[in-house]
Structure formats: structure tokens, C-alpha cells
Amino acid sequence: MVNFKQARWNEPIVFELGHKGRRGHIVPQVEESIKRNVGDVEALLPKNMRRKKLPRLPELSEVEAVRHFTRLSQMNYGVDLGLYPLGSCTMKYNPKINDLLASLPSLTKLHPYQDETTAQGVLEILSTLSAWLAEITGTHEVSLQPAAGAQGEFLGALIMRAFHKFNGTLSERTEIIIPDSAHGTNPASAAMAGFNVTIVPSDRTGCLDIDGLKSAVSDRTAGLMLTNPNTLGIFEEKIEEIADIVHDAGGLLYYDGANLNAILGKARPGDMGFDIVHINIHKTFGTPHGGGGPGAGPVGVSEELEKFLPVPRITFDGEKYHLSYEKPHSVGKIGCFHGNVAVLLRAYAYILSLGAEGLKEAAEISVLNANYLLKKINEIGAYELPYDSKRPRKHECVFSTKPFLKGQGIRAIDISKRILDFGVHAPTIYFPLIVEESLMIEPTESFEKEELDRYVEVLQKIADEAKEDPDAIFRAPQNTSVTRLDEVKASHPKSMLLRWKIHPREDGCIAKEFNDRADGK
Ligand SMILES: *Cc1c(COP(=O)(O)O)cnc(C)c1O
């Protein structure tokens, strides 16, 4: 078992460090020759843009700054440290070559308002990437503009609106059907786009209930949003029948492809009959993410829906790339310029370095890893495997810790806190909503067998502790930088100290004073 103890620095905020006048960088003086030629350099700046007061910045030496941020990083945990099996989030290892490409000055120094003739390189990359994504998803054309999966869904729902409006059926087509195993963003996106949401239950096998779907579709159906593989990690077996039912009723089919790593190079949503697909670049194609960003959620559509995609679109005349705004049926813009380009560049590097065979292998190993964990955890015998236990999962598996509730009243949150003590990350908990006390585990393709074995050992140890020493579970975590947080308080805006005032200290430095309320009053 790993002997793990996370650093516990009592780290001040950066403003409290350092000393007045200390610095890590010396700004070069204006050269004499320039002074001679132009005189007072500052006078060249427009008056209203000249600085009146010096900004209050931390005053640190380089070494102090480096140590500050290194200490903070030691209190953190990430994929570069170990397994991070957050179900649905695909926390895979992100190859550093992706960052290298995205940080090339020839790309980072570009400006979105630059004339298109001077940005041919990046336009070629983006155009190539969207063609690759169209091929991978089996769609006709892809927009790279959405900045997240949820924004891709919102765009998808707007395209459904635009389609029904174009056909003169929008006033009747007011409903989007969503299974109860869907990601929570699906109903939210549909509602934001102005649709009513109808929920269809899952059947005993964890798939969409076909009879339930048949009774839910009607001439009010604008479309169906389906997460596949669904949040139980199960591939919707009757996906073609589902597609036919919705199409026959005049609805469109939306594929939530956030979990595309399960089927990369193996199956394509477009071939399954889906009209609109979003993918999560930051999950599937290797960009560091978490804590709310950064991301990209490109949307691919069928040929029929192409005219509704956002503008500008990148076109190629055989010689040069152009930006085209001439799309009268476009839903407009969903984000700035070409989307989150730094994230898209990483995806370009990722796809280029893996190649078609590599992508396929990534899918195979992610599925293999999830099923290996599924079998090993099931063998412990303490964690319940809901829904069809014989059926293989795709990229993730969902267990329930309900058996631990009996007796000591140990909950999924207690178990996940205890997992942290062993130097690995907890899975997603309490999601999907259709499984009580759930642990949703997604190992991804990027972790070794030994790490998976260690994870199983940790879960075995916790199962033993539940019988012999439940207090160890309730007290957890003890080996992390911070111990158990008050989950309610931590997410309650009135009790959070979000802002602080700075005031000068005697030694000329700056000290903080927390506002006692988040609203600053
Ligand atoms: C992550 C995820 C989303 C949402 O993606 P964001 O980029 O976080 O907005 C949607 N659907 C599924 C199935 C997901 O796993």
C-alpha cells in the first residue's frame, strides 16, 4: 500500500510575501538613442492611458515566487501524480507534446483580428482538425466554436430550433426527450434553448426503455438527446431502433459524445443515424482540464443541418483559407472567433501523434481498463454492481456503496474521502442519479495495470476497515493537505470568504483583510 502524505504548507497569499522594492525582473531602461530620437517616451502615450498611480503588485524575488507556487503545487493532486478516475470526466494523462505545440510563439502571438491572409497556418490547422473530427464522428461538417460540452449541447438544441423553424414546425415541436441516465447538462441545455424536457426511464439493463420512448414520442417531439455510451458506461444496444423511432416521429437525433474515448475509431455516431453530435475535446483529445475549464465542445452535423452552423466558417478555395460569414440560415455565433483555439491545437497535436490506429487503441485500452476494474472490484464482494452485471461496460463502470450504509452508516462520500488517504483520487460520486450512493469509475486508457491493481487494493482495504475500524473511514482524509471539509459550508455563498482588502503593512508590504461576507458588505 502506498505510504502517502501530502504537503501541508501554511502558505500565505502572494501579497503577504516579499518585501518592498524586491523584484524578480529588471525592466530595461529606455535606450539613449531612442530618447534622443523621440524624447519623452511616456509623452507618446495618449494622456488617458498614462499611469497615475503605481499598481499594487506583490514585490517578490524570482526565487520567492517560484517557491510560493511550488509549495502550492505540492498541496495539489493531478493526473501527473497518479490515477484520477473521475467517471464521465475522462481525466486521462495529457501528453506534454500537446502543450509544446500549443505554445509555439508562431501560434500564441496570433491575434484574432489579424487579417486572414496573415493567419493561413492556424486556419489550415483548424480546418484540418474539423475535417478529422467530422471523419471521426461520421458527420458532414464540424463547428469548433463551442467552448465546452454543455455549450455544444446548447448549440445542438439551437440547431434543432433552427431546423424546425426552417420547416415551419417550431410551434408544434416543443419537446426534447432525454433519458434519466443522461448527463445533467442535457436537460439544462434543452431548457435553455426554450424546449420542454420529457424524461424517459432506463430499463433493467441500464439502457433506454424502448416502450417508454415509444410512448414519449409524438408530433411535439423536436428531438432526442442521447448520451452514448450512457452514464452507466453501457452502450445503448438498440441505438438504431431508437434512431428510427425518433426520426419516424419527425424529431432530430442528438448524440452526446462527451465519452467518445469509448468508441474512437470503432463506431461513429453519424453511422448510427445521429444528426447532431458534440464531442468533448478536453476529455477525449488530451487537454488538461478540471475545475471548470478550459475546454472545447465542437459540434458535428449532417449535411442537411450544415447551413445552421455558427459563423464564421473556414473555407478553402484550393489556394487560400478564408473566413465566410455568408450563411443566412446560421444560428449566429456561439463563442468568440474560432473557439478555444489553444485547446483545439492540443487536440490537433494529440490526433496527429496517435494517428488513426493510435486512436483506436486508446478506445480499446480505455474499455479494457474499465472492465478490468469492474471485474476486480466486483470480486471484493462489498461493492454492489447495479444493472446487468454480466454485460461488459465501455469506458467506465458504476458501483453502489449501499451495502456499507447498513450497520455503520458509511456513505459513498466517506469512502471517497478515505480513498484520498492512499494517494489516489476518488471517483465521481452521487452521479448518475439513477444509482444510489454511486461510485462512478473511469480509469481511462492512460494508466498502467499496476495502478489499477493498487486502486482495487485500496477499495479492498476500505471494505475491510468498514468492518474492523469504521472510524478510520469517518475521520478521513488525514494524509491530505486539508482534512474533511464541510461540504455544505464550502459551497454556500454566504459563508465563503471570496474577497479580501489589501492594506499596507509596516514593512511597506501589503497585508490582507478578509471581507467577512462574499458580497463585500
Ligand atoms: C462532461 C460531460 C458533459 C459536459 O461537458 P462540459 O465540457 O463539462 O460542459 C456532457 N455530457 C457528458 C456525458 C459528459 O461526460
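Give just the number: which of (1) more than 13 Å from the ligand (Cβ to nearest atom); (2) in a loop (DSSP other than H, G, I, E, B) does Val246 not satisfy?
Every condition holds for Val246 apart from (2).
Would you confirm whether or not segment 137-144 contains a residue that is closer than 15 Å to Gly339 by Cβ, touching a residue at least 12 places away in the same chain (Cβ under 8 Å) and open to solvent by 30 Å² or more (accessible area, probe 1.4 Å)?
Looking for residues that are closer than 15 Å to Gly339 by Cβ, touching a residue at least 12 places away in the same chain (Cβ under 8 Å) and open to solvent by 30 Å² or more (accessible area, probe 1.4 Å), one finds at least one in segment 137-144, hence yes.
Can you say whether Gly265 is assigned to a loop (DSSP other than H, G, I, E, B) and modelled with pLDDT under 95, as far as the supplied structure shows?
No: the conditions fail for Gly265.
Suppose we filter segment 34-52 for residues that are among the small types (Gly, Ala, Ser) and either in contact with a strand residue (DSSP E or B) (Cβ under 8 Å, 6 or more places away or on another chain) or open to solvent by 50 Å² or more (accessible area, probe 1.4 Å) (or both); how many remain?
Total meeting the criteria: 1.
Can you pull out the residues in segment 78-103 that are within 13 Å of the ligand (Cβ to nearest atom) and outside any loop (DSSP other than H, G, I, E, B)?
Once the filter is applied, which keeps residues that are within 13 Å of the ligand (Cβ to nearest atom) and outside any loop (DSSP other than H, G, I, E, B), segment 78-103 yields only Leu86.
Can you confirm whether Glu153 is among the charged types (D, E, K, R) and within 23 Å of Thr227 (Cβ to Cβ)?
yes
Answer yes or no: is there a residue in segment 226-242 that is within 26 Å of Ser330 (Cα to Cα), assigned to a loop (DSSP other than H, G, I, E, B) and not β-branched (Val, Ile, Thr).
The answer is no, given that none of the residues of segment 226-242 is within 26 Å of Ser330 (Cα to Cα), assigned to a loop (DSSP other than H, G, I, E, B) and not β-branched (Val, Ile, Thr).
Sort out which residues of segment 1-21 are part of a loop (DSSP other than H, G, I, E, B) and open to solvent by less than 100 Å² (accessible area, probe 1.4 Å), and write them in order of number.
Hits for segment 1-21 are Val2, Phe4, Gln6, Ala7, Glu11, Pro12, Ile13, Leu17, Gly18, His19, Gly21.
Which of the following residues is touching an Asp or Glu at 6+ places or on another chain (Cβ under 9 Å), modelled with pLDDT under 95 and open to solvent by less than 30 Å² (accessible area, probe 1.4 Å): Gly78, Gly82?
Exactly one residue qualifies, and that residue is Gly82.
I need every pair where a residue in segment 69-83 that is more than 19 Å from Pro477 (Cα to Cα) has its Cβ under 6 Å from the Cβ of a residue that is open to solvent by 60 Å² or more (accessible area, probe 1.4 Å), sequence separation at least 6 or different chains.
Within 6 Å, the pairs are Arg71/Trp9; Val79/Tyr93.
Working only within segment 268-285, note down all residues that are in a helix (DSSP H, G or I), within 16 Å of Ala363 (Cβ to Cβ) and open to solvent by 10 Å² or more (accessible area, probe 1.4 Å).
Scanning segment 268-285 gives Asp271, Met272, Lys283.
Take the residues in segment 121-149 that are small (Gly, Ala, Ser) and assigned to a helix (DSSP H, G or I), then tell me which one is nearest to Ala296 (Cα to Cα).
Gly149
Just one of the numbered conditions (1) over 22 Å from the mean Cα position of the chain (by Cα); (2) within 16 Å of the ligand (Cβ to nearest atom) is not true of Thr128; which one?
All conditions are met except number (2).
Taking the stated definitions as given, is His164 in the same structural domain as Val197 (by TED's automatic domain parsing) and either over 15 Å from Tyr255 (Cβ atoms) or of a type in the set (A, V, I, L, M) (or both)?
So His164 passes the test.
Give just the number: which of (1) open to solvent by 40 Å² or more (accessible area, probe 1.4 Å); (2) outside the structural domain of Ile334 (by TED's automatic domain parsing); (3) among the β-branched types (Val, Ile, Thr) does Thr90 not satisfy?
(1)
If a residue has to be free of Cβ contacts under 8 Å to residues at least 24 places away in the same chain and surrounded by 11 or more Cβ atoms within 10 Å (Cβ to Cβ) to count, how many in segment 22-33 make the cut?
So the count comes out to 1.
When you look at Ala182, is it small (Gly, Ala, Ser) and in contact (Cβ under 8 Å) with a residue 60 or more places away in the chain, yes or no?
yes
Restricting the search to segment 425-455, which residues are at pLDDT 95 or above, farther than 19 Å from Glu487 by Cβ and crowded, with 18+ Cβ neighbours inside 10 Å?
The answer is Val435, Ile441, Glu442, Pro443, Thr444, Glu445, Leu452, Arg454, Tyr455.
Go through segment 188-207 and count every residue that is within 16 Å of the ligand (Cβ to nearest atom), crowded, with 21+ Cβ neighbours inside 10 Å and not in a strand (DSSP E or B).
So the answer is 4.
Give Leu155, Leu144, Leu129 a once-over and let me know the one that is assigned by TED's automatic domain parsing to the domain that holds Leu260 and touching a strand residue (DSSP E or B) at 6+ places or on another chain (Cβ under 6 Å).
Just one listed residue meets the conditions, Leu155.
Quick check, is Gly293 in contact (Cβ under 8 Å) with a residue 24 or more places away in the chain, in the same structural domain as Ala347 (by TED's automatic domain parsing) and more than 24 Å from Tyr350 (Cα to Cα)?
Spelling it out, it is not the case that Gly293 is in contact (Cβ under 8 Å) with a residue 24 or more places away in the chain, in the same structural domain as Ala347 (by TED's automatic domain parsing) and more than 24 Å from Tyr350 (Cα to Cα).
What's the number of the only condition in (1) over 21 Å from Thr137 (Cα atoms); (2) touching a residue at least 24 places away in the same chain (Cβ under 8 Å) that Arg346 fails to meet?
Every listed condition holds for Arg346 apart from (1).
Restricting to segment 150-187, what's the tally of residues that are more than 16 Å from the ligand (Cβ to nearest atom), aliphatic (A, V, I, L, M) and assigned to a helix (DSSP H, G or I)?
Residues meeting the conditions: 3.
The values are calculated or read from the model by the stated rules, or taken from the named source; none is laboratory data. Predicted, not measured: the structure shown is a model, and the values here were computed from it. Cβ coordinates were reconstructed from backbone atoms using ideal geometry, including for glycine residues, and neighbour counts include every protein chain displayed. Protein only, heavy atoms only, side chains kept; ligands, DNA and RNA dropped before computing areas. Shrake-Rupley method; radii C 1.70, N 1.55, O 1.52, S 1.80 Å.
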